[in-house]
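**Q** Below you will find the structure I want to go over with you.
Bear in mind these aren't lab numbers, they're just calculated from the coordinates by the rules spelled out. In this text the structure is predicted, and so the values were computed from the model without any measurement. Every residue, glycine among them, receives a Cβ derived from its backbone with ideal geometry; neighbour counts consider all protein chains shown.
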Amino acid sequence: MRIGAIEAGGTKFICGIGDGHGNIEEQISFPTQHPELTLPKVIEYFQDRQVQAMGIGSFGPVDLRPESRTYGYVTTTPKPGWANFDLLGTLKQVFDVPFGWDTDVNAAVYGEVRWGAAQGLTNCLYMTVGTGVGVGIYSEGRLVHGLVHPEGGHVRIRRHPEDDFPGICPYHGGCLEGMAAGPALEARWGKKGYELPADHKAWEIEAFYIAQSLTDMILLLSPQKIILGGGVMQQPQLYPLIRKAVLRNLNGYVSSPAILDHMDEYIAAPGLGQQAGLRGALALGVEALNYQVSTI
Ligand code: ADP
Ligand code: ZN
């Protein structure tokens with residue numbers, strides 16, 4: 001099996017070739033510019049590589065409803081050139097293969113379920129804390145799309161008592177993303193996340209916000225595991241701070257051994273590391289091929 005994988009990020013595009021077992025054989029990455037500059041690079045990369053199917057995990061918001069006129073589009077992003085851009089259709093016109101198409105975070109959670117830290121689970125949540133905050137949800141054995149797709153980064157949160165930062169989400173001000181994504185950290189402290197020392201107050205506040213939203217999601221969705229990725233989560237001290245705050249918030253109410261006895265595994269880093277997004281896109285491509293074969 002030879003599958004094309006595209007992790008279409010707001011900052012960079014990663015394209016790769018993989019097999020049906022989750023192995024990436026080769027990959028390439030370039031910055032996300034205007035689509036007129038970026039798409040030709042994607043097409044050129046895959047042109048002579050003879051893939052049988054392709055999977056795309058894309059930054060959003062995106063249209064995931066197959067019956068929609070704008071299915072496959074990136075919809076309302078402020079990124080120049082990308083609003084209402086037909087990403088899937090542009091590639092379909094060139095490559096006559098089955099396509100898998102989903103959000104970047106749904107791709108990541110799917111990759112983790114197939115080949116990473118969530119293998120064998122039927123309910124898992126993936127949160128990325130990077131340039132934005134995004135949440136991918138795998139529930140009862142399938143990826144959740146719903147009305148549009150989950151937008152778990154924009155949930156409202158209660159303010160930390162020592163934090164008067166107003167938040168920078170253009171829609172909501174102090175939602176989770178507005179308070180805790182990488183650019184919010186930078187705006188609040190005047191330094192990039194990786195320039196702040198590990199014992200800085202910033203991390204306790206950061207963990208407070210992430211843990212608050214995770215607590216809500218545990219109560220609402222009952223995931224069997226939570227995987228935290230993205231640039232900001234490269235700060236390893238965040239994991240224990242978040243686990244502790246989630247336990248404090250739940251206060252013993254959810255009486256599962258996964259939470260009470262195995263918190264270190266319950267809230268964990270991606271098993272696929274930095275490749276969760278790309279291998280997730282690969283998993284979407286593998287599924288698209290299998291689906292086509294099963295419906296012939
Ligand atoms: P994207 O979300 O654009 O796909 P990332 O997940 O790498 O990309 O997130 C980028 C954000 O993460 C930036 O705001 C950056 O400052 C922040 N970041 C990257 N590395 C680190 C780090 N080691 N510690 C804290 N923050 C980081
Ligand atoms: Zn918001």
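**Q** So what's Rg/Rh here for the stretch 117-269, counting alpha carbon atoms and using the Kirkwood radius for Rh?
**A** When Rh is taken as the Kirkwood radius, the ratio is 0.95.
**Q** Report, for the stretch 117-269, the % of DSSP beta bridges that are antiparallel, rounded to 5.
**A** Counting only bridges with both partners in the stretch 117-269, antiparallel ones make up about 60 percent.
**Q** Convert each backbone phi in the stretch 58-70 into a coupling constant with the Karplus relation 6.51 cos²θ - 1.76 cosθ + 1.60 (shift: θ = phi - 60°), then list the ³J(HN,Hα) values in order as whole Hz, x for Gly and Pro.
**A** The phi angles translate into 10, 5, x, x, 10, 9, 10, 8, x, 7, 7, 5, 10 Hz.
**Q** Specify the residue with the greatest mean-square fluctuation among Tyr110, Tyr209, Tyr71, computed from a Gaussian network of the chain linking alpha-carbon atoms under 10 Å apart.
**A** Judging by the Gaussian network model, the answer is Tyr71.
**Q** Indicate, rounded to the nearest 5 percent, the antiparallel portion of the DSSP beta bridges found entirely in the chain.
**A** 60 percent
**Q** Okay, next question. Direction-averaged shadow area of the convex hull around the Cα atoms of the stretch 3-104, nm²?
**A** Computing the convex hull of the Cα atoms and averaging its projections yields 6.0 nm².
**Q** Give me a comma-separated list of calculated 3J(HN,Hα) values for the stretch 223-237, in order, Karplus coefficients 6.51, -1.76, 1.60 applied at θ = phi - 60°, integers in Hz, x for any Gly or Pro.
**A** My calculation for the stretch 223-237 gives x, 7, 7, 10, 10, 10, x, x, x, 5, 6, 5, 7, x, 5 Hz in order.
**Q** A follow-up question, please. Across the stretch 4-19, in residue order, what do the Karplus-derived ³J(HN,Hα) couplings come to in whole Hz, using 6.51 cos²θ - 1.76 cosθ + 1.60 with θ = phi - 60° and x for Gly and Pro?
**A** x, 10, 10, 9, 8, x, x, 9, 9, 9, 10, 10, x, 10, x, 10
**Q** Given R₀ = 35 Å, what would the calculated FRET efficiency be for Ser68 paired with His21, taking r from the Cβ atoms and rounding to 0.05?
**A** For R0 = 35 Å, the calculated efficiency reads 0.60.
**Q** Residues with amide H under 5 Å of Lys225's amide H, sequence separation 5 or more or different chain, H placed in the peptide plane at 1.01 Å from N; which?
**A** The answer is Leu125.
**Q** In addition: Tell me the angle of helix 238-250 to the major Cα principal axis of the chain, expressed in degrees between 0 and 90 and rounded to the nearest ten.
**A** 70 degrees
**Q** Could I ask something else about it? Where nothing but the Cβ of Lys and Arg (+1) and of Asp and Glu (-1) is charged, how large is the charge dipole of the chain around its Cα centre, in debye to the nearest 20?
**A** 280 debye
**Q** Pairing the Cα long axis of helix 201-221 with the longest principal axis of the chain, what angle in degrees results, from 0 to 90 and rounded to the nearest 10?
**A** Its long axis makes an angle of about 70 degrees.
**Q** Could I ask something else about it? How many percent of Cα pairs in the chain exceed 30 Å?
**A** Pairs farther apart than 30 Å: 30 percent.
**Q** Antiparallel DSSP bridges in the stretch 3-104: what percent, to the nearest 5?
**A** 60 percent
**Q** What is the Rg over Rh value, at two decimals, for the stretch 48-93, using alpha-carbon atoms and the Kirkwood definition of Rh?
**A** With Rg and the Kirkwood Rh in hand, the quotient comes to 1.01.
**Q** Moving on to the next point. If you find the alpha carbon centre of the stretch 1-71 and of the stretch 125-140, how far apart are they in angstrom?
**A** Measuring centre to centre over Cα atoms gives 19 Å.
**Q** Highest first, please rank the peptides 40-47, 182-189, 26-33 by the mean number of other Cβ atoms sitting within 10 Å of their residues.
**A** 182-189, 40-47, 26-33
**Q** Which angle between 0 and 90 degrees, to the nearest 10, do you get for helix 35-47 versus the longest principal axis of the chain when only C-alpha atoms count?
**A** So the helix axis and the longest Cα principal axis differ by about 60 degrees.
**Q** For Gly55, enumerate residues with amide H under 5 Å from its amide H, sequence gap 5+ or separate chain, H modeled in the peptide plane.
**A** Here the answer is Gly4, Ala5, Ile6, Gly100, Gly285, since their amide H atoms fall under 5 Å of that of Gly55.
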